[in-house]
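Colleague: Questions regarding the structure given below will be posed in turn.
The values are calculated or read from the model by the stated rules, or taken from the named source; none is laboratory data. Everything numeric here is computed off the predicted structure, so don't read it as measured data. When we count neighbours, we look across all protein chains shown, and the Cβ atoms used for this are built from the backbone with ideal geometry, even at glycine.
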Amino acid sequence: MAGSSRYIRSEVGEIERRLRSLEKTIEKLGSRTSSQARDTAGGLADAAASVLSDWAPRFREGANAISDRSAALGTDAARYGTAALDRVSEETKERPLVAIAIALGIGILIGMATRSRS
């Protein structure tokens, strides 16, 4: 019985030793996997940052171009509006009765259009 007991203790000791070895191996694999996951996440973050930093100037340039075009269109519209107002003002001074007749005609047309909808 003493021999059996020693044999069981040695077997238990061997199992414990193997379990410790297995535990150390699992810890090493876990730290490697964790390190690789960190490296991969860092690489993805760097790639995303690089792509986004490349796109930022493009968006800025596009916004600046749209802003410039809008300003040019606004300037043109103001110039054409001023020219049209000046032309109407000149025509009204030269032909006041025609201007009154045109205004009256437009008023009648607007009145007829709103009356037929009601």
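Colleague: Which residue pairs have Cβ atoms closer than 6 Å, lie 6 or more positions apart in sequence or on different chains, and pair a first residue in the range 73-93 that is at positive phi with a second residue that is charged (D, E, K, R) and assigned to a helix (DSSP H, G or I)?
Modeller: Nothing qualifies.
Colleague: Select from the range 69-98 the residues that are surrounded by fewer than 10 Cβ atoms within 10 Å (Cβ to Cβ) and among the basic types (Lys, Arg) and list them in ascending order.
Modeller: The one that is surrounded by fewer than 10 Cβ atoms within 10 Å (Cβ to Cβ) and among the basic types (Lys, Arg): 93.
Colleague: While we're looking at this one, here's another question. Using the structure shown, decide if residue 101 is small (Gly, Ala, Ser), surrounded by fewer than 10 Cβ atoms within 10 Å (Cβ to Cβ) and either in a helix (DSSP H, G or I) or touching a helix residue (DSSP H, G or I) at 6+ places or on another chain (Cβ under 9 Å) (or both). It would help to see each step written out before you state the result.
Modeller: Details: small (Gly, Ala, Ser): yes; surrounded by fewer than 10 Cβ atoms within 10 Å (Cβ to Cβ): no; either in a helix (DSSP H, G or I) or touching a helix residue (DSSP H, G or I) at 6+ places or on another chain (Cβ under 9 Å) (or both): yes.
Taking the combined requirement at face value, the residue does not satisfy it.
Colleague: Does the range 46-63 hold any residues that are of a type in the set (Lys, Arg) and either assigned to a loop (DSSP other than H, G, I, E, B) or surrounded by 10 or more Cβ atoms within 10 Å (Cβ to Cβ) (or both), and which are they?
Modeller: Pass one, the range 46-63, residues of a type in the set (Lys, Arg): 58, 60.
Correct list: 60 only.
Colleague: Tell me, yes or no, whether the range 97-112 has at least one residue that is out of contact with any strand residue (DSSP E or B) (no Cβ under 6 Å at 6 or more places or on another chain) and either among the polar types (S, T, N, Q) or at positive phi (or both). Walk me through how you get there before you give the answer.
Modeller: Pass one, the range 97-112, residues out of contact with any strand residue (DSSP E or B) (no Cβ under 6 Å at 6 or more places or on another chain): 97-112.
Cutting the leftovers down to either among the polar types (S, T, N, Q) or at positive phi (or both) gives us none.
So far as the range 97-112 goes, no, none of its residues is out of contact with any strand residue (DSSP E or B) (no Cβ under 6 Å at 6 or more places or on another chain) and either among the polar types (S, T, N, Q) or at positive phi (or both).
Colleague: So, residue 66, is that one at pLDDT below 80, surrounded by 10 or more Cβ atoms within 10 Å (Cβ to Cβ) and not charged (D, E, K, R) or not? Break it down into steps so the answer makes sense when it comes.
Modeller: Numbers: at pLDDT below 80: no; surrounded by 10 or more Cβ atoms within 10 Å (Cβ to Cβ): yes; not charged (D, E, K, R): yes.
Answer is no for this residue.
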